[in-house]
């Protein structure tokens with residue numbers, strides 16, 4: 001019996017012949033995704049968009065067109081200094097106009113921009129710069145005193161460029177060339193023949209914070225930065241446009257300021273750069289003066305700003321409509337305070353140095369209502385297009401997206417790293433699995449792709465065979481009106497293996513451990529309640545604005561914390 005298809009004219013299918021040929025290729029032009037494209041687009045199409053930088057006298061302003069011309073001048077100057085394709089040019093700088101210029105000039109000329117973390121211990125900075133083989137370092141004059149003691153240990157650095165007015169003789173005394181940024185650019189051509197570099201070649205590199213060992217290097221390509229910048233600007237993410245003035249509180253050394261400078265040149269959104277003026281008072285004054293519409297930063301900065309403006313209601317931050325928060329969990333109480341008392345939508349996201357960093361963003365769903373929006377704000381948000389995710393249980397089985405099953409989060413995508421710089425496969429096998437990045441985060445995913453993290457693998461508290469989420473305890477504690485900060489760690493316990501220790505900073509009101517334990521009792525299971533409490537004047541932070549839990553564990557082990565039992 002023959003199968004006859006009418007579409008084939010009624011002939012038996014065995015009698016139908018088909019044209020056999022190779023795969024069909026597209027007719028699209030093969031144009032690369034390069035940083036030079038973002039630079040040329042932003043400085044021409046959005047020539048009048050601006051970079052506003054905080055200064056001791058107020059603020060300075062430069063257009064994207066001017067920044068583009070300066071980027072060309074910087075590229076000429078670096079080329080004259082011998083910087084070639086693939087060479088690493090480091091920065092030791094605050095967020096400012098000149099740092100943005102370097103962000104574009106260095107990769108667009110074919111070299112690699114490497115922002116150094118100015119808040120790391122000196123020995124870590126030296127290790128990172130030597131590991132990356134940085135050849136040139138651009139340093140802000142206000143940071144030169146901190147940088148100079150490290151210079152003798154930088155084995156590959158041969159030239160230092162100082163942004164601002166500073167005595168260069170101290171640099172030259174160590175046998176290193178030294179130049180003034182302004183003088184170096186003076187007289188250079190304001191256009192540059194940007195090379196057509198391979199979009200997969202290195203454009204930038206950043207190092208992890210090193211909270212669990214030596215910092216690890218991640219090298220971003222032109223292509224990954226370009227695609228990440230597009231994803232960051234989409235309506236369900238940061239939603240940038242030329243109508244925005246975006247406040248970059250997140251440091252430029254922290255995962256390329258979450259690609260904000262590149263996203264700004266892509267969309268025409270102006271940039272507000274606070275430089276070194278990050279304390280609550282000058283930051284609030286900067287916001288009141290330049291009127292940004294959006295901001296990006298870590299939760300501790302937004303918490304400090306909130307407390308300051310509520311103590312000084314005369315400071316007007318009403319221009320801010322949205323805040324993006326990341327790097328650590330954002331307390332729901334802070335999100336609610338910004339929304340209810342200031343009309344500002346605070347949204348958190350999830351990401352890592354290894355993910356460029358954007359992986360998810362928690363923009364409230366349309367029509368979710370107040371209760372639904374609040375529930376979603378408590379999570380890390382929906383995965384961005386391009387980021388694939390899966391949850392893995394302790395037996396390496398893939399878990400369902402049912403908003404119930406909890407496992408380790410693994411991701412992959414075009415802006416997710418597949419390895420660490422300068423490390424062989426054997427030393428990093430524990431972080432990569434079959435092409436997936438093992439994030440070390442623990443959480444659950446809803447059927448529609450909304451991520452809720454419950455802890456880090458290294459921070460989850462294993463008590464009597466059950467897991468207790470330190471993040472959940474911290475968020476609940478932060479909801480108490482007397483609590484300014486709360487950090488929870490697991491400590492050894494003879495009976496249960498591990499139990500939670502709650503470290504709390506109070507606003508000044510006389511609140512004891514029993515009251516806080518009672519406050520938690522209405523929100524979590526009884527067996528999860530901490531028995532051990534510590535009240536501190538402040539909680540140590542890592543360089544990326546996260547609680548330094550490793551330091552707290554060490555202090556507990558050394559009996560350096562005054563523990564109260566409740």
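Say whether the condition of being at pLDDT 95 or above and touching a strand residue (DSSP E or B) at 6+ places or on another chain (Cβ under 6 Å) is met by at least one residue in region 207-217. Steps first, please.
Step one: list which residues in region 207-217 are at pLDDT 95 or above, which gives 207, 217.
Then drop every residue that is not touching a strand residue (DSSP E or B) at 6+ places or on another chain (Cβ under 6 Å), which leaves 207, 217.
The answer is yes; a qualifying residue exists.
Residues in region 505-519: is at least one touching a helix residue (DSSP H, G or I) at 6+ places or on another chain (Cβ under 7 Å), at pLDDT 95 or above and crowded, with 17+ Cβ neighbours inside 10 Å? Before the answer, list the steps.
Step one: of region 505-519, the residues touching a helix residue (DSSP H, G or I) at 6+ places or on another chain (Cβ under 7 Å) are 516.
If we keep only those that are at pLDDT 95 or above as well, we get 516.
Filter again for crowded, with 17+ Cβ neighbours inside 10 Å, leaving 516.
Yes, region 505-519 contains a residue that is touching a helix residue (DSSP H, G or I) at 6+ places or on another chain (Cβ under 7 Å), at pLDDT 95 or above and crowded, with 17+ Cβ neighbours inside 10 Å.
Collect the residues in region 444-458 that are in a strand (DSSP E or B) and closer than 20 Å to residue 498 by Cα, keeping them in residue-number order.
454, 455, 456, listed by residue number.
Within region 139-147, can one find any residue that is in contact (Cβ under 8 Å) with a residue 12 or more places away in the chain, touching a strand residue (DSSP E or B) at 6+ places or on another chain (Cβ under 6 Å) and either more than 25 Å from residue 186 (Cβ to Cβ) or assigned to a strand (DSSP E or B) (or both)?
Yes: region 139-147 contains one or more residues that are in contact (Cβ under 8 Å) with a residue 12 or more places away in the chain, touching a strand residue (DSSP E or B) at 6+ places or on another chain (Cβ under 6 Å) and either more than 25 Å from residue 186 (Cβ to Cβ) or assigned to a strand (DSSP E or B) (or both).
Assigned to a loop (DSSP other than H, G, I, E, B), closer than 21 Å to residue 270 by Cβ and in contact (Cβ under 8 Å) with a residue 24 or more places away in the chain: does that describe residue 347?
The answer is no for residue 347.
Checking residue 206 against (1) more than 30 Å from residue 305 (Cβ to Cβ); (2) buried (at least 24 other Cβ atoms within 10 Å of the Cβ); (3) within 16 Å of the chain's Cα centre (by Cα), only one condition comes out false. Which one?
(1)
Among the residues in region 162-171, are any surrounded by 15 or more Cβ atoms within 10 Å (Cβ to Cβ), in a helix (DSSP H, G or I) and out of contact with any strand residue (DSSP E or B) (no Cβ under 9 Å at 6 or more places or on another chain)?
Checked against the condition, which is being surrounded by 15 or more Cβ atoms within 10 Å (Cβ to Cβ), in a helix (DSSP H, G or I) and out of contact with any strand residue (DSSP E or B) (no Cβ under 9 Å at 6 or more places or on another chain), region 162-171 yields no hits at all.
Would it be correct to say that residue 236 is farther than 24 Å from residue 365 by Cβ, in contact (Cβ under 8 Å) with a residue 24 or more places away in the chain, more than 17 Å from the chain's Cα centre (by Cα) and in a loop (DSSP other than H, G, I, E, B)?
Values: farther than 24 Å from residue 365 by Cβ: no; in contact (Cβ under 8 Å) with a residue 24 or more places away in the chain: yes; more than 17 Å from the chain's Cα centre (by Cα): yes; in a loop (DSSP other than H, G, I, E, B): yes.
So residue 236 fails the test.
Residue by residue through region 97-111, note down the ones that are buried (at least 24 other Cβ atoms within 10 Å of the Cβ) and either part of a helix (DSSP H, G or I) or within 19 Å of the chain's Cα centre (by Cα) (or both).
Initial filter on region 97-111 (buried (at least 24 other Cβ atoms within 10 Å of the Cβ)): 98-111.
The answer is 98, 99, 100, 101, 102, 103, 104, 105, 106, 107, 108.
Residues of region 465-483 being surrounded by fewer than 18 Cβ atoms within 10 Å (Cβ to Cβ) and touching a residue at least 60 places away in the same chain (Cβ under 8 Å), which ones?
466, 467, 479 - these are the residues of region 465-483 that are surrounded by fewer than 18 Cβ atoms within 10 Å (Cβ to Cβ) and touching a residue at least 60 places away in the same chain (Cβ under 8 Å).
Answer yes or no: is there a residue in region 277-294 that is assigned to a strand (DSSP E or B) and in contact with a strand residue (DSSP E or B) (Cβ under 9 Å, 6 or more places away or on another chain).
Here is the first cut: in region 277-294, the ones assigned to a strand (DSSP E or B) are 294.
Narrowing the set further to residues that are in contact with a strand residue (DSSP E or B) (Cβ under 9 Å, 6 or more places away or on another chain) leaves 294.
Checking region 277-294: at least one residue is assigned to a strand (DSSP E or B) and in contact with a strand residue (DSSP E or B) (Cβ under 9 Å, 6 or more places away or on another chain).
Would you mind stating whether residue 68 is buried (at least 18 other Cβ atoms within 10 Å of the Cβ), in contact (Cβ under 8 Å) with a residue 40 or more places away in the chain, part of a helix (DSSP H, G or I) and within 25 Å of the chain's Cα centre (by Cα)? Steps first, answer last, please.
Details: buried (at least 18 other Cβ atoms within 10 Å of the Cβ): yes; in contact (Cβ under 8 Å) with a residue 40 or more places away in the chain: no; part of a helix (DSSP H, G or I): yes; within 25 Å of the chain's Cα centre (by Cα): yes.
The answer is no for residue 68.
Under 8 Å between Cβ atoms, which residue pairs at least 6 apart in sequence (or on different chains) link something in region 329-341 that is in contact (Cβ under 8 Å) with a residue 60 or more places away in the chain with a partner that is surrounded by fewer than 17 Cβ atoms within 10 Å (Cβ to Cβ) and part of a helix (DSSP H, G or I)?
Matching pairs, first to second residue: 332/374.
Scanning for something surrounded by fewer than 14 Cβ atoms within 10 Å (Cβ to Cβ), in contact with a helix residue (DSSP H, G or I) (Cβ under 6 Å, 6 or more places away or on another chain), farther than 26 Å from residue 64 by Cα and modelled with pLDDT of 95 or more, does region 143-151 turn up at least one residue?
Taking region 143-151 first, the residues surrounded by fewer than 14 Cβ atoms within 10 Å (Cβ to Cβ) are 145, 149.
Still in the list and also in contact with a helix residue (DSSP H, G or I) (Cβ under 6 Å, 6 or more places away or on another chain): none.
No, that holds for no residue.
If you take the residues of region 278-297 that are surrounded by fewer than 18 Cβ atoms within 10 Å (Cβ to Cβ) and touching a residue at least 40 places away in the same chain (Cβ under 8 Å), which of them is nearest to residue 349 (Cα to Cα)?
291
Which count do you get for residues in region 523-544 that are exposed (fewer than 12 other Cβ atoms within 10 Å of the Cβ) and in contact (Cβ under 8 Å) with a residue 60 or more places away in the chain? First the steps, then the outcome.
Step one: of region 523-544, the residues exposed (fewer than 12 other Cβ atoms within 10 Å of the Cβ) are 525-527, 537-538.
This time we only want the ones that are in contact (Cβ under 8 Å) with a residue 60 or more places away in the chain, so: 527.
Within region 523-544, residues that are exposed (fewer than 12 other Cβ atoms within 10 Å of the Cβ) and in contact (Cβ under 8 Å) with a residue 60 or more places away in the chain number 1.
Restricting to region 180-203, count the residues that are within 31 Å of the chain's Cα centre (by Cα), more than 13 Å from residue 105 (Cβ to Cβ) and surrounded by 12 or more Cβ atoms within 10 Å (Cβ to Cβ).
The total comes to 8.
Keeping to region 298-326, report how many residues are in contact with a strand residue (DSSP E or B) (Cβ under 8 Å, 6 or more places away or on another chain), closer than 14 Å to residue 545 by Cα and touching a residue at least 60 places away in the same chain (Cβ under 8 Å).
5
How do the pairs read when you match residues in region 507-522 that are under 17 Å from residue 485 (Cβ atoms) with residues anywhere that are loosely packed, with under 12 Cβ neighbours inside 10 Å, using Cβ under 8 Å and keeping only pairs 6 or more apart or on different chains?
Sorted first by the residue in region 507-522, then by its partner, the pairs are 507/481; 509/481; 513/565.
What pairs come out if I take residues in region 420-434 that are on the phi < 0 side of the Ramachandran plot and surrounded by 14 or more Cβ atoms within 10 Å (Cβ to Cβ) and pair them with residues that are part of a helix (DSSP H, G or I) and modelled with pLDDT under 90 whose C-beta lies under 9 Å away, six or more apart or interchain?
What qualifies is 420/427; 420/428; 432/425.
Name the single residue, out of those in region 22-55 being touching a strand residue (DSSP E or B) at 6+ places or on another chain (Cβ under 9 Å) and either without any contact (Cβ under 8 Å) to a residue 60 or more places away in the chain or surrounded by fewer than 14 Cβ atoms within 10 Å (Cβ to Cβ) (or both), that is nearest to residue 288 (Cα to Cα).
Ranking the candidates gives 55 first.
The values are calculated or read from the model by the stated rules, or taken from the named source; none is laboratory data. Computed from a prediction, not measured in an experiment: that's the story for all the values here. Quick reminder, even Gly has a Cβ in these numbers, built from the backbone with ideal geometry, and neighbours come from all protein chains shown.
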